[in-house]
Amino acid sequence: MLGCRAGARAATRSRLEMSAARPRVGLLIIGLGTSPAALDTSLNIALPDVTAAFAIALHSVQWVVISYMLTYGSLMLVCGRLGDAFGHRRVFQLGLAVTAFGLSACGLARGYGWLLGGRAMQGVGIALCLSCAPALATRLYPENVRARVLGTLGALFALFTALGPFIGGMLLERFGWSAVFWYRVPLVLTALALSWLLPEHRAHPGAPRFDTASAALLALTISGALLGGIGVQWDVRAAGVAALLALGALAALLRREARAAEPIVPIAALRDVGIGALHLAGICMHAASFAILLLVPYYLAQVADMPAARGGLLLSTAAVGAIGGSLAAGRLASLFGTRRIACVGVVGCAAGLAAVGSWSHATPPLGLSAALLLQGVGVGMFQVAYTDLVVATMPIAERGVAGSLAVVTRTIGVVGGAAGLSALFQWAQVRALAAGLPASEAFLAAFHVTFAWTWIGLSAVVFLTLVRPSLFVAER
C-alpha cells in the first residue's frame, strides 16, 4: 500500500515537473524558430564571395540584404494580423515552412535573380515567424511574468545574432557562400517538427477578421516608405516616386480604415501621444545604434589595424551586452517598472555611443570592448522594456500586431539610420578632407562627428522621457 502511494506521489510529481518544464521547452522552440532571422548576420561575411560568384558589381550585392529587409519589414504587421485572425501557432508553422523553402532556394541559386527571389521568400517566412513569436511566448506564461519571458526571448535572439558571424566564417572557409543558407535549414525543420508541442491558441473570440485589401495597402505603404529611405542614397528621383507611392497608399489605407468596423491597424492606439512617443523612441534607438554596424568595422580595420577575425570577435561584444541587458530587463522590470527600465536602456545606449565616439588611435582593446558592451546592454534593456510596453497597450486579441510593431520600428530605425548616418558621415568626411586633413584623420574626424550626433540625439530622447514621463504609456 505504501509503495503504491509512493508511486502515485512520484507520478504526480513527474507530471507537475513536465507541466512546469513545458513552457520553458516552448520558449526554446520559439527561440529556435526565430533563430534564422538572428543568424542572418552570418551572411555579411559571405557577401564578398557572393559578389565574386555571380560576377556582379559591389553596389549590386546590397540588394541581397535589401530584398530580404524590404519583404519582412513591409509584411510584418500584416502577418501579425494573420496570427490574430487565424491562430499564432498556425501562422508560425507556415512561416517556418516558407523560411526553409527560401533558404533552400538561396542555397541552390545559380543566378543572381534566383538568389534575390530566394531572399524575398526568406523574408516572407521570417515575417510570419517573428510577428507571432512574442504572442506565442507570452501565452505560455502568466501575464505577471511577461517582461521576463520577453527578456529571455530577446536574449536568445541576441545569442544567435552574436554566433552568426563566427558560424558563417567557419562554414564559408570550408564549403563556400551557399553554406550560410544551408546550415539554417535543419534548425528551421527541427523547430517545425517540435512546434506541435506548442499549445494551439485559436483566434480569440474578439479578434478582428483579416481584411485583404487593407493588408495590401499596408504592405504597399511600408514597402514604399522603406524603399524611399533606402533609395535616397542612390537615386533621389526613384526614392521620391517610392515615397509618393507610400503616401498615396497610406491615404487610401486611412480612408478605408476609418470606415472599417475592424481596422487592420490600431489607428486609435497610434494616435495616443504616449504610445506615439514610445514608438518614436524605438525608431531613434535603432537608428542611432546602426552607427555601430555601419562605422565600427571600418574603424577596426583602418584605424585600429585589427585583423578581420579579431575585429569580428570584438564587434560581437555588443551582442553579448544585448544578451545580458535583455535578461536583466526581464528581471528588473517587476522591481523598478518597465518604463524606468526603458529609460535606463536609452541612457546606457547613449553612454556607450558617446564612449565609441571618443575612440582614437590610442584607445586600447579593453576600452573598445567596454564601450560596445555598454551600448549593447542598453539596447537589450530598452528593446525588452519597449516590447513589453507595446504589448501592454493592446488587447490579447491583437497581440500578434503588438509584437509586430516592435519589429517594424526596428526596421524603420535601421533604414533611417542607414540613410541618415551615411549622409552625415559623408558630409563630415568631405569637410575634413577639404580642411586639409589626410584620409585617415578625415575618417576619424567624421567618425567622431557622426557618433556625437547619435548620442546627443538619444540624450534628447532621455530628457523628454524624464521631464515628461507621460510621453510613455502608463504601465499595466
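When the stretch 417-443 is examined, which residues are found to be among the hydrophobic types (A, V, I, L, M, F, W, C) and surrounded by fewer than 20 Cβ atoms within 10 Å (Cβ to Cβ)?
Within the stretch 417-443, the first condition is being among the hydrophobic types (A, V, I, L, M, F, W, C), and the residues that meet it are 418-419, 421, 423-425, 427-428, 430, 432-435, 437, 439, 442-443.
Once the filter is applied, which keeps residues that are among the hydrophobic types (A, V, I, L, M, F, W, C) and surrounded by fewer than 20 Cβ atoms within 10 Å (Cβ to Cβ), the stretch 417-443 yields ALA419, ALA423, LEU424, TRP427, VAL430, LEU433, ALA434, ALA435, LEU437, ALA439, ALA442.
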- Item | Candidates ALA158, ALA120, filtered to the one that is more than 30 Å from ALA55 (Cα to Cα), touching a residue at least 24 places away in the same chain (Cβ under 8 Å) and in a helix (DSSP H, G or I) | ALA158
- Query: Of LEU315, LEU374, which residue is crowded, with 20+ Cβ neighbours inside 10 Å and more than 23 Å from ALA406 (Cα to Cα)?
  - Reply: LEU315
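Condition check ((1) in contact (Cβ under 8 Å) with a residue 24 or more places away in the chain; (2) in a helix (DSSP H, G or I); (3) of a type in the set (Lys, Arg); (4) surrounded by fewer than 24 Cβ atoms within 10 Å (Cβ to Cβ)) across all residues:
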residue	(1), (2), (3), (4)
ALA38	yes, yes, no, yes
SER42	yes, yes, no, no
TRP63	yes, yes, no, yes
MET69	yes, yes, no, yes
GLY95	yes, yes, no, no
GLY102	no, yes, no, no
ARG110	no, no, yes, yes
ALA137	yes, yes, no, no
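Take the residues in the stretch 352-370 that are surrounded by fewer than 24 Cβ atoms within 10 Å (Cβ to Cβ) and hydrophobic (A, V, I, L, M, F, W, C); name whichever of them is modelled with the lowest pLDDT.
The first filter runs over the stretch 352-370 and keeps only residues surrounded by fewer than 24 Cβ atoms within 10 Å (Cβ to Cβ), leaving 354-355, 357-370.
Narrowing the set further to residues that are hydrophobic (A, V, I, L, M, F, W, C) leaves 354-355, 359, 362, 366, 368, 370.
Working: ALA354: 94, ALA355: 94, TRP359: 92, ALA362: 87, LEU366: 92, LEU368: 92, ALA370: 94.
For the stretch 352-370, the residue satisfying everything is ALA362.
Going through the stretch 303-320 one residue at a time, which ones are part of a helix (DSSP H, G or I) and modelled with pLDDT under 80?
To start, the set of residues in the stretch 303-320 that are part of a helix (DSSP H, G or I) comprises 303, 308-315, 317-320.
Of everything in the stretch 303-320, those that are part of a helix (DSSP H, G or I) and modelled with pLDDT under 80 turn out to be ALA308, ALA309, ARG310, GLY311, GLY312, LEU313, LEU315.
In this structure, does ALA329 turn out to be in a helix (DSSP H, G or I) and crowded, with 24+ Cβ neighbours inside 10 Å? So that I can check it myself, show each step before the final result.
On the way: in a helix (DSSP H, G or I): yes; crowded, with 24+ Cβ neighbours inside 10 Å: yes.
So ALA329 passes the test.
Which of the following residues is closer than 29 Å to ARG310 by Cα, at pLDDT below 85 and among the β-branched types (Val, Ile, Thr): VAL415, VAL390, VAL377? Walk me through how you get there before you give the answer.
Details: VAL390 fails: closer than 29 Å to ARG310 by Cα; VAL377 fails: at pLDDT below 85.
After ruling out the rest, the residue left standing is VAL415.
The values are calculated or read from the model by the stated rules, or taken from the named source; none is laboratory data. No experiment lies behind these values; they were computed from the predicted model shown. Every residue, glycine as well, gets a Cβ built from its backbone with ideal geometry; the counts of neighbours run over all protein chains shown.
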